[in-house]
Each structure stands twice: as C-alpha cells, then as structure tokens.
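What follows is a single structure, written as structure tokens, with notes after it.
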Amino acid sequence: MVLQLIFMMMFGGVNSVYDFSFTTIDGKEIKLSEFKGKNILIVNTASECGFTPQYEALQKLHERYTDKLVIIGFPANNFGGQEPGSNDEIAEFCEVNYGVSFLLSEKVDVKGEHADPLFKYLTEAPNPDFTGDIEWNFEKFLINKEGKLIHRFRSKVNPLDSKIIDAL
C-alpha cells in the first residue's frame, strides 16, 4: 500500500488527504476519507517534549469542536528521541496524563527516508503558510472539509490559539 501511495504521489494521483489512510495506535486501519465534511487537525506528537503539554489543549479542542473537527495525533520519534515508547506505552501515557480521547495513530516517521507518505504529502502540499520539512514535535496541519491543507502551524502555536479556532 505504501508503494501504491508513493506511486500515486509521483504521478499526480493524490488529490487530497482523503487518498490516505493510517493505522490507529491500537491497530485499526482508518481511511481519512471517513472524515469528509469535517476539518482535520493532524499533529506530530511526542511524550517527552517541551511541547507535550499541548496534549491537554488538543484534548480541549477535541471536546469543544468534536462536531466539526477530527484531531489525529501521530507519535513520532524523529526529534531528539522524544518519543521512545511503544504504541502501548504512548497510549497509556496520553490517557493517564492528559485524558486523550482523540485519535492517535501508531508511531510513525514524519521526516526522512522512511517518512510516512501522508507526511511527505503534507510537507509538500501547497498552503498559504509554508512548505518543507517538519522542524519539531507538535507541528499542526489543518485540513478543510474538502480534504485540502489550508494552514500549517509550527510547534509554538498552541492548539487553542485563535489562528486555529478561527480557521475551523
């Protein structure tokens, strides 16, 4: 499936995030097309980062806007080794420390040679903010109801910032 997605990207077959799927932290395959009609906030996360308390803000955002927003955290160990745990350890950490009930993917790479195809797409997709590699944990990608990337926010932007809420 990964090769198919890479092929599609190389030859223009990817039109939106709806062309991708991911595996949840507990092993369930989900197509992003299941979220048509809702905004999606995709965030690369880590449990041992200075930005880790953003899990709390992400959970609040999830609770407030669950009718029109899907939040998906993608744990990644690409920055400073700040997500060393297994999927089970990550899930437990998020539940115990932040009460996370929004979706979490299995642990992925978000940059480099083994980057998940979704993140290759997101870092190259046109948007009004910037393109290129993710710089650190907790970068945020806001997808509109049609599956298009509309904004990208660096790690320092809190999930409850008016820039994000106003764009929903």
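None of the figures in this text is laboratory data; all of them are computed from the coordinates on show. All values derive from a computational prediction rather than experimental measurement. Cβ atoms come from the backbone with ideal geometry, glycine included; neighbour counts cover every protein chain shown.
Computed quantities for the displayed model
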item: Net charge of Cβ neighbours under 14 Å - reference Val108; Lys, Arg +1; Asp, Glu -1; result: -4
item: Length-normalised contact order of the chain in % [C-alpha pairs under 8 Å, at least 6 apart]; result: 28
item: Cβ charges +1 (Lys, Arg) and -1 (Asp, Glu), total dipole of the chain, debye; result: 680
item: Global form of the chain, assessed from the alpha-carbon gyration tensor, a/c cut-off 1.5; result: rounded
item: Added length on full extension, which subtracts the Cα-Cα distance from 0.36 nm per residue, Thr23 to Glu48; result: 6.8 nm
item: Residues Glu63 and Ala167, FRET efficiency given R0 of 25 Å [Cβ-Cβ distance, rounded to 0.05]; result: 0.85
